[in-house]
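One structure below.
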Amino acid sequence: MQFISTSPRLANVSEPLTVRFLLLGLTLVYLLAMLVLPLGVIFVEAFRKGYETYAASLLTDDSIAAIQLTLLVTAIAVPANIIFGLAASWSIAKYQFKGKSFLITLIDLPFSVSPVVAGLIYVLMFGAQGYLGPYLQAHHIQIIFAVPGVVLATIFLTFPFVARQLIPLMQAQGNDDEEAALSLGAGGLRTFFSVTLPNVRWALLYGVLLCNARAMGEFGAVSIVSGHIRGKTNTMPLHVEILYNEYNFVAAFAVASLLAFLALVTLCLKTALEWRYSGELAVSRGH
Amino acid sequence: MSLTEHQRRPWRTPSVLPGFGVTFGFSMFWLGLIVLIPLAGIFTWAASLGFSDFFSILADPRILEALKLSFGGALIGAFVNTLVGPVVAWVLVRYEFYGRGIVDAVIDLPFALPTAVAGLALAALYAPNGWLGAPLADAGIKVIFTPLGVIIALTFIGLPFVVRTLQPVLADLEPEIEEAAATLGATRWQTIRKILLPALLPTLLTGFALAFARAVGEYGSVIFIAGNLPYKSEIAPLLIIIKLEEFNYPAATAIAAIMLVMSFLILLIVNLLQGWARRSTGYAG
């Protein structure tokens, strides 16, 4: 009969049943209106004109090019952040040195920078009027309004994801396993790959999952550095915006539905990881 | 390993693990290349404008209105989330009901959903013929292309920050404190108001600051529902993009520098608040 109860630990200190129902009801209604309806509206709008139109709007050359570019950018940005995340967490978590927490704050910095500002810093660096602009132009290297700029902006915005998952976990695990491996004669690399990496694999996967979702969905920063050149520097989120501004709503929602589907898959995998490996992730469960 | 008085304390405690040099060196190199040098670039750019130019740019009414909307909207959005978030976190932590796992996962939707997709969805939802826009329009409330639309988008993206900050702290609170209050004759409401809320206040403020920081710089989820009318529903990040497209780099840089300084200030405040939260709840997360 207990549709809504409090956990036994808290049985003595809880609200009356009516209050509990009221709070639960308010929560569900609010979450439905604020979070679930926006998700639902994407799929409804995408399939408004039927399955054929949906498929057709995804199979245009521009849409396919956008999907390919998004995959390419992600395929560069995610491994780059895995390598950085592993290196940074090893050097920060396994050793004691001064200024460590300041360094962690610096790594977290990209999370508190507006995506648009993140795009702007690369324009000021590599753009035609930027610090390196004249040099790059003289050597015919284009970074802004080209794929390298999109990759750079994506790496910037996904920078902390892997490191901030691994650092607290590695700190909590300590150095005992590694020291044992070394004393048994394993080399540094072998110790890392057969002891440290397996110890943190689920947290690493968790970080990669979040990093991947953000990399594929990044919009503001990429919007500044890409120049919106169709078929060339247009990622999926940018393509959504262009289609929407052309009043091609079904196609815009069709491409958006792919990204929403990605978000749902990410949420499911993330929740599964949290349930299955809660012990290993709990220390690092920020957002 | 024992340190005598005469030895200088080393910067790094010696360790038997190999590889510090190469991993630390690589991390610093990459951090500098991707994050620190480009970020520093914006301040040298802003500094090259000089004080009078910098402030005369920011005195432009259109820029002032945009900054007001971004900061004001973010404040209201974070405030709404600070009212709603505790209720949601309370229900998720304290009550057991069917489907709690799913409801808990749904909270992360604003994190997981790409901002452009969220923006598109909100615009469709609150359009005059949308699922929520139609009943609101009947009631005489116009959401799309108004500051209200901006506030709704900024509320949408901020909710998980408050809920996810509160949840672990709430889960860690000792029930004995509440039981003690109850045995001493406090009503449930008195216990919540006088015992729980003061203990949770620093955590709540941390969530507020995080939601506010995210909302100030938000772009993707806002621009579709806002309609971007100058002086009315135009946010600061969008104005940076507009100034860039006009090749007005000084104006774009000045707006960005103000926003960056604000983000760093908020980051500092969050760090102080988290220290306070640790002391007042004992939660070490």
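The values are calculated or read from the model by the stated rules, or taken from the named source; none is laboratory data. This is a predicted model, so every value here is computed, not measured. With ideal geometry, Cβ positions are generated from the backbone for all residues, glycine too; neighbour counts draw on all protein chains shown. Accessible surface areas use protein heavy atoms only, side chains included; no ligands, DNA or RNA. Shrake-Rupley method; radii C 1.70, N 1.55, O 1.52, S 1.80 Å.
What pairs come out if I take residues in region A:239-261 that are part of a helix (DSSP H, G or I) and crowded, with 18+ Cβ neighbours inside 10 Å and pair them with residues that are polar (S, T, N, Q) and modelled with pLDDT of 95 or more whose C-beta lies under 9 Å away, six or more apart or interchain?
A:His239/A:Thr70; A:Leu259/A:Thr70
Sort out which residues of region B:123-135 are open to solvent by 50 Å² or more (accessible area, probe 1.4 Å) and assigned to a helix (DSSP H, G or I), and write them in order of number. Before you say what the answer is, go through the steps one by one.
Filtering region B:123-135 down to residues open to solvent by 50 Å² or more (accessible area, probe 1.4 Å) leaves B:128-129, B:131, B:135.
Passing the criteria: only B:Pro135.
Among the numbered criteria (1) open to solvent by less than 10 Å² (accessible area, probe 1.4 Å); (2) in a helix (DSSP H, G or I), which one does A:Val36 miss?
With (1) open to solvent by less than 10 Å² (accessible area, probe 1.4 Å); (2) in a helix (DSSP H, G or I) applied to A:Val36, the lone miss is (1).
Being open to solvent by less than 10 Å² (accessible area, probe 1.4 Å) and of a type in the set (Ser, Thr, Tyr): is that true of B:Ser15 here? Walk me through it before giving the result.
Working: open to solvent by less than 10 Å² (accessible area, probe 1.4 Å): no; of a type in the set (Ser, Thr, Tyr): yes.
Considered against the rule, which asks whether it is open to solvent by less than 10 Å² (accessible area, probe 1.4 Å) and of a type in the set (Ser, Thr, Tyr), B:Ser15 comes out as no.
Taking only region B:122-153 into account, find how many residues are in contact with a Leu (Cβ under 7 Å, 6 or more places away or on another chain) and hydrophobic (A, V, I, L, M, F, W, C).
So in region B:122-153, the residues in contact with a Leu (Cβ under 7 Å, 6 or more places away or on another chain) come out as B:125-126, B:131-133, B:143, B:145, B:147, B:150, B:152-153.
Okay, now just the ones that are also hydrophobic (A, V, I, L, M, F, W, C), so B:125, B:131-132, B:143, B:145, B:150, B:152-153.
Residues in region B:122-153 being in contact with a Leu (Cβ under 7 Å, 6 or more places away or on another chain) and hydrophobic (A, V, I, L, M, F, W, C): 8 in total.
Could you please find all residues in region B:250-285 being touching a Phe, Trp or Tyr at 6+ places or on another chain (Cβ under 8 Å) and at pLDDT below 90?
B:Met262, B:Ile266, B:Ala277
Return yes when A:Gly231 is more than 10 Å from chain B (Cβ to nearest Cβ) and small (Gly, Ala, Ser) and no when it is not. Outline the logic, then answer.
Details: more than 10 Å from chain B (Cβ to nearest Cβ): yes; small (Gly, Ala, Ser): yes.
In short, yes.
Looking at (1) open to solvent by less than 50 Å² (accessible area, probe 1.4 Å); (2) over 24 Å from the mean Cα position of the chain (by Cα), which is the only condition B:Asn248 fails?
Of (1) open to solvent by less than 50 Å² (accessible area, probe 1.4 Å); (2) over 24 Å from the mean Cα position of the chain (by Cα), only one is false for B:Asn248: (1).
Among the listed residues A:Tyr51, A:Tyr95, which satisfies the condition of being in a loop (DSSP other than H, G, I, E, B) and either within 30 Å of A:Gly207 (Cβ to Cβ) or more than 9 Å from chain B (Cβ to nearest Cβ) (or both)?
Working: A:Tyr51 fails: in a loop (DSSP other than H, G, I, E, B).
Going through A:Tyr51, A:Tyr95 in turn, the sole match is A:Tyr95.
I need the full set of residues from region A:195-211 which are open to solvent by 40 Å² or more (accessible area, probe 1.4 Å) and more than 14 Å from A:Trp90 (Cα to Cα), in order please.
Once the filter is applied, which keeps residues that are open to solvent by 40 Å² or more (accessible area, probe 1.4 Å) and more than 14 Å from A:Trp90 (Cα to Cα), region A:195-211 yields A:Trp202, A:Leu205.
Considering only residues of region A:263-273 that are more than 8 Å from every other protein chain (Cβ to nearest Cβ) and in contact (Cβ under 8 Å) with a residue 24 or more places away in the chain, which is least open to solvent (accessible area, probe 1.4 Å)?
Taking region A:263-273 as the starting set, the residues that turn out to be more than 8 Å from every other protein chain (Cβ to nearest Cβ) are A:265, A:269, A:272-273.
Going one step further and asking which of them are in contact (Cβ under 8 Å) with a residue 24 or more places away in the chain, we end up with A:269, A:273.
Working: A:Leu269: 87, A:Leu273: 17 Å².
So, considering only residues that are more than 8 Å from every other protein chain (Cβ to nearest Cβ) and in contact (Cβ under 8 Å) with a residue 24 or more places away in the chain, the one least open to solvent (accessible area, probe 1.4 Å) is A:Leu273.
Restricting to region A:113-154, name every residue that is more than 7 Å from chain B (Cβ to nearest Cβ) and of a type in the set (S, T, N, Q).
Result: A:Gln137, A:Gln142, A:Thr154.
Just one of B:Leu39, B:Leu33, B:Leu92 is open to solvent by 80 Å² or more (accessible area, probe 1.4 Å) and either at pLDDT 90 or above or closer than 30 Å to B:Leu159 by Cα (or both); which is it? Break it down stepwise before answering.
Working: B:Leu39 fails: open to solvent by 80 Å² or more (accessible area, probe 1.4 Å); B:Leu92 fails: open to solvent by 80 Å² or more (accessible area, probe 1.4 Å).
Only one candidate passes the filter, namely B:Leu33.
(1) open to solvent by 10 Å² or more (accessible area, probe 1.4 Å); (2) small (Gly, Ala, Ser); (3) assigned by TED's automatic domain parsing to the domain that holds B:Ser233: which one isn't true of B:Ala66, the others all being true?
All conditions pass for B:Ala66, except number (1).
Within region B:157-169, is there a residue that is within 30 Å of A:Ala251 (Cα to Cα), in a helix (DSSP H, G or I) and open to solvent by 10 Å² or more (accessible area, probe 1.4 Å)?
Of the residues in region B:157-169, the ones within 30 Å of A:Ala251 (Cα to Cα) are B:157-160.
Subsequent filtering for residues that are in a helix (DSSP H, G or I) retains B:157-160.
When the remaining residues are screened for being open to solvent by 10 Å² or more (accessible area, probe 1.4 Å), the result is none.
No: zero hits.
Restricting to region A:131-169, name every residue that is hydroxyl-bearing (Ser, Thr, Tyr) and under 12 Å from A:Asn81 (Cα atoms).
Answer for region A:131-169, where residues must be hydroxyl-bearing (Ser, Thr, Tyr) and under 12 Å from A:Asn81 (Cα atoms): A:Thr154, A:Thr158.
Only one of A:Thr74, A:Thr53, A:Thr105, A:Thr154 is of a type outside the set (D, E, K, R), open to solvent by 40 Å² or more (accessible area, probe 1.4 Å) and in contact (Cβ under 8 Å) with a residue 40 or more places away in the chain. Can you tell me which?
Details: A:Thr74 fails: open to solvent by 40 Å² or more (accessible area, probe 1.4 Å); A:Thr105 fails: in contact (Cβ under 8 Å) with a residue 40 or more places away in the chain; A:Thr154 fails: open to solvent by 40 Å² or more (accessible area, probe 1.4 Å).
Result of the check over A:Thr74, A:Thr53, A:Thr105, A:Thr154: A:Thr53.
Residues that are closer than 30 Å to B:Ala66 by Cβ, in contact (Cβ under 8 Å) with a residue 60 or more places away in the chain and in the same structural domain as B:Pro128 (by TED's automatic domain parsing): list the helices (runs of 4 or more DSSP H) wholly contained in region B:170-285 that include at least 3 such residues. Explain how you work it out, then say what you get.
Details: elements: B:175-183, B:188-191, B:197-216, B:220-226, B:236-245, B:249-281.
Hits in region B:170-285: B:197-216, B:220-226, B:236-245, B:249-281.
Within region A:98-130, work out how many residues are at pLDDT below 90 and under 20 Å from B:Glu245 (Cβ atoms).
Within region A:98-130, residues that are at pLDDT below 90 and under 20 Å from B:Glu245 (Cβ atoms) number 4.
Exactly one condition in (1) more than 30 Å from B:Leu154 (Cα to Cα); (2) touching a residue at least 40 places away in the same chain (Cβ under 8 Å) is not met by A:Ile64; state its number.
(2)
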